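The values are calculated or read from the model by the stated rules, or taken from the named source; none is laboratory data. Note that the coordinates shown come from a computational prediction; the quantities given were computed from them, not determined experimentally. Glycine gets a Cβ as well: all are built from the backbone with ideal geometry, and neighbour counts include every protein chain shown. All accessible areas refer to the heavy atoms of the entire protein, side chains included, with ligands and DNA or RNA removed. Shrake-Rupley method; radii C 1.70, N 1.55, O 1.52, S 1.80 Å.
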Amino acid sequence: MPIPLLDLKAQYLSLKDELDAVWADVMTNAAFIAGPRVAELERAVAGYCGTEHAVACANGTDGLFLILAAMGIGKGDEVITTPFTFFATAEAICHVGATPVFVDIEPGTYNIDVTKIEAAVTERTKAIMPVHIFGQCVDMDAVSVIAARHGLRVIEDACQAIGATYGGRKAGSMGDAAAFSFFPSKNLGAAGDGGIITTDDGDLAARCRKLANHGTSRKYFHDALGVNSRLDALQAGILMAKLPHLEEWNEQRRAAAAVYDGLLQDTGLELPVVAAHGVPVYHLYVVKSPSADVAARVMGALTDAGIGTALYYPLALHEQEAFRTREDFSAPSLPVAESCDGRTFALPAFPGITSEQQREVARVVSESLA
Ligand SMILES: *Cc1c(COP(=O)(O)O)cnc(C)c1O
C-alpha cells in the first residue's frame, strides 16, 4: 500500500457531509467573496490565536506582503529573516521593495538562530520576520528583546504553525502581526488558496484590510493603492468546518512524530529537536541525513516503495538564483543553512497515519541506510 506524504482525501471523507453542505450552501446563495462566512472565520481565528483582530486574505504570501505594506516598510529598508523557509517569506519582503537580510539557523530546530540576529541589525533594519519552521515556534522572547532594543517591528511567518505554542502563547499572537496560510497541505488547509493576518493592533488590521481590497474602505473610493487579496466564502466555510478538529489533528501529528523519534533513533539520521520553550505542531517531520548522497539514496528507496517524501528545502534562499541576481543583495555565508541543502527531507506524519504505516516507513529508511 502506498503511503502518501499527506492524505487529504481521507481528511475530506472524514468530514464529507459537512464540507459538501458548505459547498452547496455557497453555490445556492451565490455570494462568493468575503461576506459573513469570512467575518465568522476571522473572529474564530482571532479567538483561537488569542489576538484582537484577524484579517482574511487570499494566501499566506499576501498576508506577509500586506503586513509589510501596512507598516510602511519599503524601498531602502531591511527585514531580517531566515534563509531556511519557503521562498514566499523573502519574496514578500522583496515585493514591498525592501531587502531581506538572512541570518543563519540553529541545527536541530532549523529555526533562525536568535543569537545571531543582533549582529545583522543596521540603521536600515525595520523589522524581524521569524518563521516558525515546520510548526515549531522561534524563541520569541529573544526576538522581542532585540526588537524592543532597536525599535523594530516583529512579523511572524506562522504559515506552518497554526496551533503551535511558545510559553503557552499561540503562534501568531507574539509579534506585531502574523500571517497564516491555508494552502491545502498546511495544518489547517482550504480547498484552494487562503490566508489570514492576526494582530492586536486595530489600526494595522484596518490598513491590511484596506490594502487587501484595492485600498478602499468605501466602494469605488480609494485612499491608497492596494491589491486584490480577499478570501472566498467557500474557503471560509471549509476552514470553519475544519477548525474544531485542528487541535486533535495537531495532537495526532505530535503522536506520529513521537513514534518516528523512537523508530529512527539508531539510524544515524538527525531527528527533529524540540526546544523546551513550546509545543510544536509538526507541519512536517523532517530528518537530516549525513550527506546529500545518503538523502538521495533513502528518498529513492522510499519512492520505490510508494512512500511520499520530499526535500524541505533543497536549496537555502540566499543561494537561490532569484536573490543572487538582485543588486541590493550580497549573499552571506550561512553554514548551518547551507549544510541542509539536499539533506533534509520529510517523512509521512499526517494526522491519522497508522503505526503500521510508520513502521513500514521506518523499515524502508533503515534498510536503505544499512
Ligand atoms: C506556505 C508558506 C508561505 C506561503 O503561504 P501561501 O498561502 O502558499 O502563499 C509562507 N511562508 C511559509 C513558511 C510557508 O510555509
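Have a look at Arg37, Arg43 and point out the one that is surrounded by fewer than 16 Cβ atoms within 10 Å (Cβ to Cβ) and either more than 30 Å from Leu347 (Cβ to Cβ) or not charged (D, E, K, R) (or both).
Arg43
When only residues in the stretch 281-301 that are under 22 Å from the mean Cα position of the chain (by Cα), open to solvent by 10 Å² or more (accessible area, probe 1.4 Å) and not aromatic (Phe, Trp, Tyr) count, which is nearest to Ile105 (Cα to Cα)? So that I can check it myself, show each step before the final result.
As a first pass, look at the stretch 281-301 and keep what is under 22 Å from the mean Cα position of the chain (by Cα): 281-288.
Applying the additional criterion that residues be open to solvent by 10 Å² or more (accessible area, probe 1.4 Å) yields 282-284, 288.
Now drop any that are not not aromatic (Phe, Trp, Tyr), which leaves 283-284, 288.
Values: His283: 18, Leu284: 17, Lys288: 14 Å.
Per the criteria, the residue is Lys288.
Can you tell which of Asp261, Asp266, Asp293 is assigned to a loop (DSSP other than H, G, I, E, B) and either farther than 26 Å from His132 by Cβ or not hydroxyl-bearing (Ser, Thr, Tyr) (or both)?
Being assigned to a loop (DSSP other than H, G, I, E, B) and either farther than 26 Å from His132 by Cβ or not hydroxyl-bearing (Ser, Thr, Tyr) (or both) holds for just one of Asp261, Asp266, Asp293, which is Asp266.
Can you tell me which residue among Arg363, Arg343, Arg324, Arg359 is over 20 Å from Lys288 (Cα atoms) and basic (Lys, Arg)?
Only one candidate qualifies: Arg324.
Considering only residues of the stretch 139-155 that are among the charged types (D, E, K, R) and more than 17 Å from Leu68 (Cβ to Cβ), which is surrounded by the fewest Cβ atoms within 10 Å (Cβ to Cβ)?
It comes out as Arg149.
Testing Leu64 on (1) open to solvent by less than 10 Å² (accessible area, probe 1.4 Å); (2) within 17 Å of Phe183 (Cα to Cα); (3) without any contact (Cβ under 8 Å) to a residue 40 or more places away in the chain, one condition comes back false. Which one is that?
Of everything listed in (1) open to solvent by less than 10 Å² (accessible area, probe 1.4 Å); (2) within 17 Å of Phe183 (Cα to Cα); (3) without any contact (Cβ under 8 Å) to a residue 40 or more places away in the chain, Leu64 misses just condition (3).
Within the stretch 70-87, how many residues are open to solvent by 10 Å² or more (accessible area, probe 1.4 Å) and within 15 Å of the ligand (Cβ to nearest atom)?
Number satisfying all stated conditions: 2.
If I go through the stretch 88-118 residue by residue, how many of them are of a type outside the set (A, V, I, L, M, F, W, C) and either more than 16 Å from the ligand (Cβ to nearest atom) or not assigned by TED's automatic domain parsing to the domain that holds Val131 (or both)?
10
Does the stretch 121-135 hold any residues that are open to solvent by 20 Å² or more (accessible area, probe 1.4 Å) and either in contact (Cβ under 8 Å) with a residue 40 or more places away in the chain or within 19 Å of the chain's Cα centre (by Cα) (or both), and which are they?
Step one: of the stretch 121-135, the residues open to solvent by 20 Å² or more (accessible area, probe 1.4 Å) are 121-124, 126.
Val121, Thr122, Arg124, Lys126, listed by residue number.
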